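Below is a structure I'd like to ask you about.
Computed from the coordinates by the stated procedures, all read-outs in this text should not be read as laboratory data. Because the structure is predicted, anything quoted here is derived from the model rather than measured. Every residue, glycine as well, gets a Cβ built from its backbone with ideal geometry; the counts of neighbours run over all protein chains shown.
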Amino acid sequence: MADVSHRPGDIAAHPDVSEMRDRYARVLGGRGIVGVDGLLLLAGLYAAISPWTVHFAPTAPQLAQNNLIMGIAVAVLALCLTMAPDRMQGMSMACAAIGVWLIVSPWVVIRHPETGAMWNNIITGAVICLLGLAAAGMMMRNKRES
């Protein structure tokens, strides 16, 4: 009969122990990046739905379409940054650029924006820009350390 009892695990004899430890250290080192990317995802989703929550969609449909498209773009980029941070490092700067666009878009898309639409885009754009810059900085710091 076969011995199927569970013995205390010691992976010291495992052939890939050094690679497993290195990968575990990399994953633990990148936890802050995932937190920033999660906040970036939420900010992108808010930018996408903000015309309807702040109620400026009926008065400025072009700005509503702009916010919807840019918000979805930020959310998709944040999701990609979370899933493949090594390959998507440069795209966090694209999130910062989208944040700047959201700040100036009320005056570019419609000449005289309402106060609610204007402040909504300024605050949302600033948050997205800062989170994009933070994600880029954290990725560069982690890449430099490894």
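Taking R0 as 41 Å, what FRET efficiency do you get between I49 and A13 from their Cβ-Cβ distance, rounded to the nearest 0.05?
Details: r = 53 Å, r/R0 = 1.30.
In this case the efficiency is close to 0.15.
What full-extension length gain, to one decimal in nm, is calculated for L133 and W119 as 0.36 nm per residue of separation minus the Cα-Cα distance? The partial results should precede the final answer.
Values: separation 14, 0.36 × 14 = 5.04 nm, distance 2.10 nm.
Contour length minus Cα-Cα distance gives 2.9 nm.
Would you work out which of M138, P106, G116 lies farthest towards the positive end of the dipole of the range 32-145, given +1 charges on the beta-carbon of Lys and Arg and -1 on that of Asp and Glu, about the Cα centre?
Most positive-ward Cα: M138.
Let me ask something else about it. Using 0.36 nm per residue of separation minus the Cα-Cα distance, give me the extension gain between C80 and V34 in nm, one decimal. List each step's numbers first, then the result.
Details: separation 46, 0.36 × 46 = 16.56 nm, distance 1.08 nm.
Difference between extended and current length: 15.5 nm.
Still on this structure, I have one more. Sorted by average packing, counted as other Cβ atoms within 10 angstrom per residue and highest first, what order do 102-115, 44-57 take? Could the numbers behind the result be given before it?
Working: 102-115: 16.0, 44-57: 18.7.
So the peptides 102-115, 44-57, ranked by packing, come out 44-57, 102-115.
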